[in-house]
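Engineer: Got a structure for you, written out below as structure tokens; questions coming shortly.
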Amino acid sequence: MKIAVLGGDGFVGWPTSLHLSARGHDVHIVDNLSRRWIDTELGVQSLTPMDSIQERTRIWHQETGRRIHFHLIDLARDYDVLKAWLDEHRPDAIVHFAEQRAAPYSMKSDRHKNYTVNNNVNATHNLLNAMTEIGLDAHLVHLGTMGVYGYSSVGAAIPEGYLPVGVETLSGDTASLDILYPTNPGSIYHMTKSLDQLLFQFYAKNDGVRITDLHQGIVWGTHTEETKQHPQLINRFDYDGDYGTVLNRFLIQAAIGYPLTVHGTGGQTRAFIHIQDSVRCVEIALANPPKRGDRVEIFNQMTETHRVRDLAEMIARMTGAEVAYLPNPRKEAAENELVVKNDKFLALGLNPITLEEGLLAEVVDVAKKFDYRVDRSRIPAVSAWTKDIAPTIERDPEGKRLKSVG
Ligand code: NAD
Ligand code: USQ
């Protein structure tokens, strides 16, 4: 297949592009490199040294003989360029990763809120609009998030997108219907993913666009089979307080002797998936497109759930790291249960990688190898969800004396 990977220079997009190329697909990365600019804005860099996208694709060609093409396009702002590109290339499938994906970045200031909404909602809408306008019947696979469901403990498993409900009719009968599981986003970023869902519902219904929305959990790990093939194919690894995600942060913190930064009591339960499974799930979704006229296909793309403090304690036992219980910069439930259905991917052959010491240790080893690149002052998460939370967050530039509230 000819596959456009939108956002293919990012943490999940790059290994996905390699994985699909290795399986014989003709891969075209479309990216505006905004993630690299955000590193510059924040004054941080990936733990792992990443080459330019052009250099990465050159190395891939050198190592495998396969070409991955790169196109510099801003989905949110270059509508006409995007439409013309899609019309010229007419991909069979499109994988859409191209959004601002950090919840803390989206909550940093009013400007960051605007940027995240404008970027994400316009990117998704421009894409759907352009596909419809040029009559492109490509299968669109979008990376959504588990966070659209929210984290209230309802005592029932979260279904894969749709919730069957019974509604009492005027005649007193019960009508059954499937509704989108009610969204309850916890950040501006997660809210944009909830808005994406409505755009998908509309374009599937009105224009017959074939769409798969993958509600993904927190991705951890760094290497995949393909990124390991050459040092210059290495994946990016975010550790800073805005873009670093919890498990990868704990692993790098353990590697450099920084206390593990648990927010609040660490009672938050979240869904997780290893990067190798993430790319495999995208491959499975691409192989199982919905038919034209079908409703949006929704998968829960996660393999296990864990409580934040359990992860911290497990890594502390494994590495001898200290655990610091810190004031929580986010407005979120202090404790929640989370049970998620993921039967669809299992039925289609996903054999989940779960947390095991070998893979956790692999990340610690990567972090130790590149520890000279870590700026400890960028580790604390200082982006506060509301103004009244901000003053309680203490920032220690050396990262040595973190205030404990546990
Ligand atoms: P990332 O920030 O590393 O990559 C996103 C890529 O999209 C970047 O290369 C960026 O430059 C590009 N991009 C952003 N806006 C763009 C635009 N307007 N035009 C063109 N390119 C644009 O993020 P990631 O971690 O690889 O996540 C990829 C997707 O998966 C995101 O949509 C995210 O919401 C979703 N997701 C990620 C995780 C995770 O833990 N990383 C978990 C669940 C879902
Ligand atoms: N947390 C800590 N300590 C830290 C970092 C985070 O305790 O140092 C806590 C947070 O307060 C939160 C939980 O860990 O309760 C998860 O935070 P996170 O930053 O790992 O994940 P999140 O903000 O939810 O976002 C990430 C990705 C996002 C994706 C989402 C999937 O950045 O793109 O959509 O995971 S999910 O969480 O399933 O919605």
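Engineer: Among the listed residues SER171, SER187, SER176, SER194, identify the single one that is without any contact (Cβ under 8 Å) to a residue 60 or more places away in the chain, of a type in the set (S, T, N, Q) and in contact with a helix residue (DSSP H, G or I) (Cβ under 8 Å, 6 or more places away or on another chain).
Structural biologist: Exactly one of SER171, SER187, SER176, SER194 is without any contact (Cβ under 8 Å) to a residue 60 or more places away in the chain, of a type in the set (S, T, N, Q) and in contact with a helix residue (DSSP H, G or I) (Cβ under 8 Å, 6 or more places away or on another chain), namely SER194.
Engineer: Go through the residues of segment 90-104 one by one and say whether even a single one is more than 10 Å from ligand 1 (Cβ to nearest atom) and free of Cβ contacts under 8 Å to residues at least 60 places away in the same chain.
Structural biologist: Within segment 90-104, not a single residue is more than 10 Å from ligand 1 (Cβ to nearest atom) and free of Cβ contacts under 8 Å to residues at least 60 places away in the same chain.
Engineer: With respect to GLU133, is the statement that it is surrounded by 12 or more Cβ atoms within 10 Å (Cβ to Cβ), touching a residue at least 60 places away in the same chain (Cβ under 8 Å) and among the charged types (D, E, K, R) true?
Structural biologist: The answer is no for GLU133.
Engineer: Checking VAL323 against (1) out of contact with any His (no Cβ under 6 Å at 6 or more places or on another chain); (2) closer than 22 Å to ILE158 by Cβ, which single condition isn't satisfied?
Structural biologist: Tallying (1) out of contact with any His (no Cβ under 6 Å at 6 or more places or on another chain); (2) closer than 22 Å to ILE158 by Cβ, VAL323 fails exactly one: (2).
Engineer: Has segment 71-89 got at least one residue that is free of Cβ contacts under 8 Å to residues at least 24 places away in the same chain and not charged (D, E, K, R)?
Structural biologist: yes
Engineer: Read through the list (1) under 25 Å from PRO352 (Cβ atoms); (2) of a type in the set (S, T, N, Q); (3) more than 9 Å from ligand 2 (Cβ to nearest atom), then give the number of the only condition that GLN216 fails.
Structural biologist: (3)
Engineer: Also: Just to be sure, is ASP110 without any contact (Cβ under 8 Å) to a residue 60 or more places away in the chain, within 12 Å of ligand 1 (Cβ to nearest atom) and of a type in the set (Asp, Glu)?
Structural biologist: No, not satisfied.
Engineer: Among the listed residues ASP178, ASP196, ASP137, which satisfies the condition of being among the charged types (D, E, K, R) and closer than 30 Å to HIS61 by Cα?
Structural biologist: After ruling out the rest, the residue left standing is ASP137.
Condition check ((1) in contact with a Lys or Arg (Cβ under 9 Å, 6 or more places away or on another chain); (2) farther than 16 Å from LEU350 by Cα) across all residues:
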site: ARG270; (1), (2): yes, yes
site: GLU283; (1), (2): yes, no
site: LEU286; (1), (2): no, no
site: LYS291; (1), (2): yes, yes
site: ARG295; (1), (2): yes, yes
site: GLN301; (1), (2): no, no
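Engineer: Would you kindly identify the strands (runs of 3 or more DSSP E) lying entirely within segment 62-176 that contain at least 3 residues that are within 17 Å of VAL5 (Cβ to Cβ), at pLDDT 95 or above and in contact with a Leu (Cβ under 8 Å, 6 or more places away or on another chain)?
Structural biologist: 93-96, 139-145
Engineer: From the residues in segment 224-270 that are within 16 Å of ligand 1 (Cβ to nearest atom) and of a type in the set (A, V, I, L, M), which one is surrounded by the most Cβ atoms within 10 Å (Cβ to Cβ)?
Structural biologist: LEU251
Engineer: Further question: In segment 177-196, which residue that is of a type outside the set (A, V, I, L, M, F, W, C) and away from ligand 2 (no atom under 13 Å from the Cβ) is farthest from ALA102 (Cα to Cα)?
Structural biologist: If we take residues in segment 177-196 being of a type outside the set (A, V, I, L, M, F, W, C) and away from ligand 2 (no atom under 13 Å from the Cβ), then ASP178 is farthest from ALA102 (Cα to Cα).
Engineer: What pairs come out if I take residues in segment 140-153 that are within 14 Å of TYR189 (Cβ to Cβ) and pair them with residues that are hydroxyl-bearing (Ser, Thr, Tyr) and more than 8 Å from ligand 2 (Cβ to nearest atom) whose C-beta lies under 6 Å away, six or more apart or interchain?
Structural biologist: What qualifies is VAL148/THR183; VAL148/SER194.
Engineer: Quick check on my filter: what residues within segment 57-83 are hydroxyl-bearing (Ser, Thr, Tyr) and either touching a helix residue (DSSP H, G or I) at 6+ places or on another chain (Cβ under 7 Å) or farther than 21 Å from ALA98 by Cβ (or both)?
Structural biologist: THR64, TYR79 - these are the residues of segment 57-83 that are hydroxyl-bearing (Ser, Thr, Tyr) and either touching a helix residue (DSSP H, G or I) at 6+ places or on another chain (Cβ under 7 Å) or farther than 21 Å from ALA98 by Cβ (or both).
Engineer: Pull out all pairs, ordered by first then second residue, where Cβ-Cβ is under 7 Å, the residues are six or more apart or on different chains, the first lies in segment 25-40 and is in contact (Cβ under 8 Å) with a residue 40 or more places away in the chain and more than 7 Å from ligand 1 (Cβ to nearest atom), and the second is part of a strand (DSSP E or B) and among the aromatic types (Phe, Trp, Tyr).
Structural biologist: What qualifies is ILE29/PHE70.
Engineer: What's the number of the condition ASP396 fails, among (1) loosely packed, with under 13 Cβ neighbours inside 10 Å; (2) within 16 Å of GLY257 (Cβ to Cβ); (3) among the charged types (D, E, K, R); (4) modelled with pLDDT under 95?
Structural biologist: (1)
Engineer: Here is a list of conditions, (1) within 26 Å of HIS142 (Cα to Cα); (2) more than 8 Å from ligand 2 (Cβ to nearest atom); (3) hydrophobic (A, V, I, L, M, F, W, C); (4) in contact with a Leu (Cβ under 8 Å, 6 or more places away or on another chain), and ILE234 meets all of them except one; can you say which number that is?
Structural biologist: In the conditions (1) within 26 Å of HIS142 (Cα to Cα); (2) more than 8 Å from ligand 2 (Cβ to nearest atom); (3) hydrophobic (A, V, I, L, M, F, W, C); (4) in contact with a Leu (Cβ under 8 Å, 6 or more places away or on another chain), ILE234 misses (4) alone.
The values are calculated or read from the model by the stated rules, or taken from the named source; none is laboratory data. The structure displayed is predicted, hence computed values, not measured ones. Methodologically, a virtual Cβ is constructed for each residue, glycine included, from the backbone with ideal geometry; neighbour enumeration extends over all protein chains shown.
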